[in-house]
Amino acid sequence: MLKNVHFGPSVLPFLLVLPQIIVTLVFFIWPASQALYQSLLLEDAFGLKTEFVWFRNFEDLLSDPLYWDSFKITIVFSFLVAFLSMSFALILALFADRVIKGSGAYRTLLIWPYAVAPVTAGALWVFMFNPTLGIVSYALSALGYEWNHQLNGGEAMALVVMASAWKQVAYNFLFFLAGLQSIPKSLIEAAAIDGAGPMRRTIDIVLPLLSPTTFFLLVINIVYAFFETFGVIHVVTAGGPAGATNILVYKVFNDGFVGLDLGGSAAQSVILMIMVIALTVVQFKYVEKRVDY
Amino acid sequence: MIENRPLLTIFSHIMLILGVAVIALPIWIMFVAASHPEIRMTQVPLPMLPGGHFFENLDIALSRGMSGMDGNGVGYMMLNSLAMAMMIAVGKIAISLLSAFAIVYFRFPFRMFFFWMIFITLMLPVEVRILPTYEVVANLGMLDTYWGLSIPLIASATATFMFRQVFLTIPDELLEAARIDGAGPMRFFWDILIPMSRTNIAALFVILFIYGWNQYLWPLLITSETSMYTIVMGIKQMLEAAEQVPQWNIIMMTALLAMLPPVCVVIFMQSLFVKGLTETEK
């Protein structure tokens, strides 16, 4: 952590860490502690009076069926995004690892959606599935299926999942491909000599050896679906119809800035913070065991 | 290659091409929509092949924007996005380099305390502390400013960790040699550490530029004047307006403009991008 050879004590190191510490204190630690404090307050509708109510905001929240609905929606949403983008990326990575010619070109063609903003991704998908004009909904209606994600909650969920997963395939593909390329070729060759075909080798050797990468990506994808898909939701469904895509992060924003329920929003923030901390701990604990690239 | 199976190789290529097609389809549709006149974009079925109005739409988007908006086009939004992305990327790199230097190369009181304080920022993404952070920025009078857009996002544990890791791999002998030659700490920092971590700085810059350009929730909260809007916010604004007057050609042109800079960065600086992604684990 510290170099064996280092500089002696002086005021300089304090000056060096100062900018980052100031930003951290002012914009991270202070607001987070404010959120903790506000979560214990109850403000009346006109913002005239605040009352210290201990954990009543949390009790209200945890007894609110709408909150649990949002919780369930978030779990379903994250699981679907992680599953869809990871399985798609894994299949492509397995094929890309096999081809020798042109794997670089495929990589280039597959990784750039990483750079597309969630809002832009949402705009693209909402355009393709626009119930009156969209190309995909037109094709679906030609097949006899009337798509309308503005009315149907299941279709709204499917649409935000597709838009979010589309963007994340690039990241997963890159890490799966790196993971595949770090598997020792001698193991694969040994299995081939023993007569195992490509399918058998993939199932019995490659996939188990890839499990650290898979686990790492699972955590990253869940964090992504939890916190970074706000833009997709905001553009595609705005949490609707009837709260069908109201994930937790969107609910914090909506209750705080639109509904102006400060205590309730702060209590939700605190619960989200606890979840981030848990996910960060899991990530750090297992990151060490990850395969080397 | 383990064994020669030409059929499987061909099959692999077919699957990869299909995969690329699925990934690229939304972009193709966007490009096609951006190249047709407004009238064509209201007739079902929408076109699947590009039309001839691409540059006309580009001009409309940049100089006027959608009808029903302020008529200033989206050019200034792109400049706002650029300013925000650059400030976030440069700011993050600068403060992380300095603090990583202090933590790795100096023994001083509260060293580990500062380290843990920086570590905590990893656990507090802006999404979970939006209201109180908004209040802080409002009290500091930084609403609707470039400072307000960028500074609350520039503290980053990941960048500090990455530079710490890089500095730890730099041999001790370099510091000894620099000291024998009479170099002070800052001299050592500028003339040895910075040049030695050049590629890492560049790789991180690529990742942070994309991160900064694509920010949405934070600019949405703290900007109320349209002159401070970023291009990503412009898309959302247009989509809302589209419920009355659909001008999908202009919206898709704006989406194209919004994704062009970060996508170009990924494609043209691919090796730096991959390096940055794998080193910071995001």
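Only Cα pairs under 8 Å and 6+ residues apart enter the sum, and on that basis the relative contact order of region B:158-282 stands at 37 percent. Checking every one of the GluC sites (Glu not before Pro) in region A:88-196 against DSSP loop status and a limit of 14 other Cβ atoms within 10 Å picks out A:GLU146. Only one residue of A:VAL252, B:ASN214, A:LEU151 has its Cα farthest out toward the positive end of the dipole of the protein assembly as shown, where Lys and Arg carry +1 and Asp and Glu -1 on Cβ, and that residue is B:ASN214. From the alpha carbon centroid of region A:185-241 to that of region B:15-72 is 33 Å. Hey, could you grab the Kirkwood Rh for region B:64-282? Inverse mean 1/r over distinct alpha carbon pairs, Å, one decimal. Mean inverse Cα-Cα distance, inverted, gives 19.4 Å.
What ranking, highest mean first, results for peptides B:124-134, B:249-259 when packing means the other Cβ atoms within 10 Å averaged over each residue? Working shown, then result.
Working: B:124-134: 23.0, B:249-259: 26.6.
Peptide ranking by packing, descending: B:249-259, B:124-134.
Based on DSSP H segments of at least four residues, each scored -39500 (n - 2.57), chain A has a per-residue ellipticity at 222 nm of -20500 deg cm²/dmol. Normalising by the residue count of chain A, find the relative contact order in percent from Cα pairs under 8 Å and 6+ residues apart. Contact order relative to length: 27 percent.
For A:LYS101 and A:LEU207, a Förster radius of 25 Å and the Cβ-Cβ distance give a FRET efficiency of 0.50, rounded to the nearest 0.05. Counting other Cβ atoms within 10 Å as a rough exposure proxy, the listed residues A:VAL206, A:VAL169 run A:VAL206, A:VAL169 from fewest neighbours to most.
Dipole magnitude for the protein assembly as shown: computed about the Cα centre from +1 point charges on Lys and Arg Cβ and -1 point charges on Asp and Glu Cβ, it is near 1440 debye.
For chain B, modelled as a GNM whose springs connect Cα atoms under 10 angstrom apart, the maximal fluctuation among B:LEU239, B:LEU18, B:LEU217 occurs at B:LEU18.
Would you kindly state how much longer the chain becomes between B:GLU240 and B:GLN270 on full extension, computed as 0.36 nm times their sequence separation minus their alpha carbon distance, in nm to one decimal? Don't skip to the end; give the middle numbers.
Details: separation 30, 0.36 × 30 = 10.80 nm, distance 3.47 nm.
Between B:GLU240 and B:GLN270, full extension yields 7.3 nm more.
Once Lys and Arg get +1 and Asp and Glu get -1 on their Cβ, which of A:VAL276, A:ALA139, A:MET86 lies farthest toward the positive end of the dipole of region A:64-287? Most positive-ward Cα: A:MET86. Full extension of the chain segment joining A:LEU140 with A:MET199 gains 17.8 nm, where the gain is 0.36 nm per residue of separation less the Cα-Cα distance.
Taken about its Cα centre, chain B carries a charge dipole of about 500 debye when Lys and Arg each add +1 at the Cβ and Asp and Glu each add -1 at the Cβ. Assuming charge only on the beta carbon of Lys and Arg (+1) and of Asp and Glu (-1), the dipole of region A:64-287 about its Cα centre is about 660 debye to the nearest 20. For chain B, adding -39500 (n - 2.57) for each run of n ≥ 4 DSSP H residues and dividing by the number of residues yields -20500 deg cm²/dmol at 222 nm.
When region B:64-282 is described by a simple charge dipole with +1 on each Lys and Arg Cβ and -1 on each Asp and Glu Cβ, the residue from B:PHE101, B:LEU257, B:ALA159 located farthest towards its positive end is B:PHE101. Comparing mean-square fluctuations of A:ILE271, A:ILE220, A:ILE203 from a GNM of chain A with C-alpha springs under 10 Å, the top value falls on A:ILE203.
Pairs of lysine in chain A with Cα under 25 Å and at least 8 positions apart or on different chains: total? Don't skip to the answer; put the middle values down first.
Details: A:LYS3/A:LYS285; A:LYS3/A:LYS289; A:LYS49/A:LYS251; A:LYS72/A:LYS167; A:LYS72/A:LYS251; A:LYS101/A:LYS185; A:LYS167/A:LYS251; A:LYS185/A:LYS289.
Qualifying lysine pairs in chain A: 8.
The label-point distance for B:LEU8 and A:ASP64, in a model that sets each label 7 Å from Cα toward Cβ, rounds to 5.5 nm. Each Cα pair under 8 Å and six or more residues apart adds its separation to the average, and for chain B the resulting relative contact order is 29 percent.
Compactness ratio for the protein assembly as shown: Cα radius of gyration over 2.2 N^0.38 Å (N = residue count) comes to 1.02.
Bear in mind that the values in this text are calculations on the coordinates, not laboratory data. In this text the structure is predicted, and so the values were computed from the model without any measurement. Note that each Cβ is placed from the backbone with ideal geometry, even for glycine, and that neighbours are counted across all protein chains shown.
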